[in-house]
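Worksheet for the structure shown next.
Only the coordinates and a few stated rules stand behind these numbers; no lab work does. Only a predicted model underlies this, so the values are computations on that prediction, with no experimental measurement involved.
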Amino acid sequence: MDPKDKQIKELQAQLAEKDASVNEMFSFINDVEDNLNTIEASQMKIQESKKGNTEVEQDVKESIMEHITNINTLLEKNKELIKKLESALRNSNMKVDALQKTIELLNQQMLEKDTEIADLKTQLEKLNFTVAELNTKIEDLSGQNEEKAQLIDQQTVELNTAYYVVGERRDLKDKGVITGDRVSQKVNPENFVKIDIRNTTEIILNVKKAKLISTHPEGSYTLKMNGKIIEKIVVTNPKTFWSISKFLVVQTD
C-alpha cells in the first residue's frame, strides 16, 4: 500500500473514532437534559398535588410517591451519565472547551436540583411522608416486589408440602416415627418422603395390609386393590386429606 494511502486511512480511522466519541458524549448530554426536564415536570405535579393541603388522601399520596420515586431514580441516573461523560471526554484526548463547560453546567444544574428536591422532601415530611418513602428509587421497589414474590412462592411451597412413610411397625418405631399406636409428636422429616400435594395424589403400597396411623378424614381417600394386594392410596380430596396432618404414616403389618 502506498504510504500516502496508508496515512489517509489511518487519519480516517482516527476521525471516525473521534466522531463516535463525540456522538456518545452528546448522547449522554441529551439523556441528562431529558431527565432534568422529566424531573422538572414531576416537581410541578407534586407541587400541584400538595397545594394548600396539610395532609393528603391515599390516592394523592400514591401519585406523589410515584413522582418522587421517578425523581430519585432519574437523579441517580444523571449522576452516572455525567460520570460517563467526564470519562469519555478524558479518554478521547480531545481539548473541547465547549464540552467541558457543558459538563460544568450540568454538574451545577444537578447541585441546584438536589437542593430543590431536598427542600421538596422537607415539605412532604410535614405531610406525614417518611424519609424512607421519600428516598425510594424504582430499583428499590423492584427489589421489594421480588422479595415479596419470593416470599409468596416460598409460603406456597410450604403450604403444599407433605410427607409420607410406609413401613412395618418395628421399623416405624425404631425410626421414632410412631410411639405406641400414634404418630410421635416429634418426627424427623428425613425419615419421610417429601411430596408436593398438588402433584402427588397417589402413594404406591403393593402390600397385603395397610393401616393409616396418622389421621386423615374419611372420604378424602380410597385404597385401590389389585386382587388381595393393596396397590396404592389414592387421595381424592387433597385439601381435606392433608388438613389435619401433613405427615402420612402407613403401617404394613
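Here are a few things to note about the model shown:
- Too-long pairs where the Cα-Cα distance tops 18 Å, listed order kept, from 45/121; 173/228; 50/121; 61/121: 173/228
- Alpha-carbon centroids, the range 173-232 and the range 59-102: separation in whole Å: 63
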